[in-house]
Amino acid sequence: MCDVMEPPDDSFDFLFKIILIGDSNVGKTSLVQSFSTGLFSQRQHNTIGVDFTVRTLNLDGRRVKMQVWDTAGQERFRTITQSYYRSAHGALIAYDISRRATFDSVQRWLHELQQYGAANVLVALIGNKRDLEPQREVPFSDACRLAEDKGMVAALETSAREACSVQEAFQMMARHLLLQNGLSACQEEETRGPGVLLRSNSRSINISSAHTEQRHSCQC
Ligand SMILES: Nc1nc2c(ncn2[C@@H]2O[C@H](COP(=O)(O)OP(=O)(O)OP(=O)(O)O)[C@@H](O)[C@H]2O)c(=O)[nH]1
């Protein structure tokens, strides 16, 4: 049944294209699935090429349509996935907090983005599988340092499995894109400056409090 109060999903104020990149099996598809349906499936097929999902967010009265391009992490699809970089307004580079190698690859993904993406693309770093705390191989402080060094807008940790901070990750990117377009997403941020996310397992890089101590408790 249709809710008469809801405008049709094709109406929007802003359209942002977001690309999700990172090594295979870090959980990119799971993050997109969690964002679009709230569901998690343990058995996930490797993405072939690129998948496409759309969801419209209501951010403080603005309808922001998010077109999310979920790319394959496997090397053999690299030529196909690179062709999607150019039109992206924002990029989420994902790694798995329990596999250091996937974090070490972030620089390579960033390099690809710089090579094939638009000059003003906004980038955020996502450490997924936060629920695997006992197997953690990447301290959150390493992610924050890298994000800061590379001029990314934020570093966050998520768990697609526990639906932890996933919505926030996409909303954060949407808010940064609104800000980039000269629009504050909400009044509170207008008084606070360009920082957006203040959760304990996330950190906005371009705010004055960027050097405050970080904690890791997930409060979902
Ligand atoms: N524990 C845990 N497992 C996760 C999480 N997110 C994804 N997984 C699992 O990690 C595996 C890989 O997930 P995918 O979403 O297919 O990874 P991907 O990055 O899209 O992989 P490619 O399509 O090959 O690039 C699957 O078995 C998921 O169930 C998470 O937050 N926590």
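Summary table below
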read-out	value
For residue 41: the one exception among (1) among the hydroxyl-bearing types (Ser, Thr, Tyr); (2) within 22 Å of residue 114 (Cβ to Cβ); (3) free of Cβ contacts under 8 Å to residues at least 12 places away in the same chain	(2)
Single match in 53, 71, 79, 37 (criterion: within 10 Å of the ligand (Cβ to nearest atom) and of a type in the set (Ser, Thr, Tyr))	71
In region 1-21, the residues that are at pLDDT below 95 and hydrophobic (A, V, I, L, M, F, W, C)	1, 2, 4, 5, 12, 14, 15, 16
From the options 133, 190, residue that is loosely packed, with under 15 Cβ neighbours inside 10 Å and at pLDDT below 95	190
Pair list, Cβ < 9 Å and 6+ apart or interchain, from region 49-70 residues that are free of Cβ contacts under 8 Å to residues at least 12 places away in the same chain to residues that are aliphatic (A, V, I, L, M) and assigned to a strand (DSSP E or B)	58/64
Any hit, region 97-108, residues being surrounded by fewer than 17 Cβ atoms within 10 Å (Cβ to Cβ), of a type in the set (Gly, Ala, Ser), over 30 Å from residue 182 (Cα atoms) and in contact (Cβ under 8 Å) with a residue 40 or more places away in the chain	yes
Every pair of residues 6+ apart whose Cβ atoms lie under 8 Å, when the first sits in region 118-144 and is touching a residue at least 12 places away in the same chain (Cβ under 8 Å) and charged (D, E, K, R) while the second is buried (at least 17 other Cβ atoms within 10 Å of the Cβ) and assigned to a helix (DSSP H, G or I)	137/103; 142/103
Scan of region 34-62 for residues that are part of a strand (DSSP E or B), among the charged types (D, E, K, R) and surrounded by fewer than 16 Cβ atoms within 10 Å (Cβ to Cβ), ordered by number	62
Every pair of residues 6+ apart whose Cβ atoms lie under 6 Å, when the first sits in region 154-175 and is closer than 21 Å to residue 98 by Cα and in a helix (DSSP H, G or I) while the second is within 12 Å of the ligand (Cβ to nearest atom) and of a type in the set (S, T, N, Q)	166/34; 166/158; 169/158
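The values are calculated or read from the model by the stated rules, or taken from the named source; none is laboratory data. Computed from a prediction, not measured in an experiment: that's the story for all the values here. As a convention, Cβ positions derive from the backbone with ideal geometry for all residues, glycine included, and neighbour counts pool all protein chains shown.
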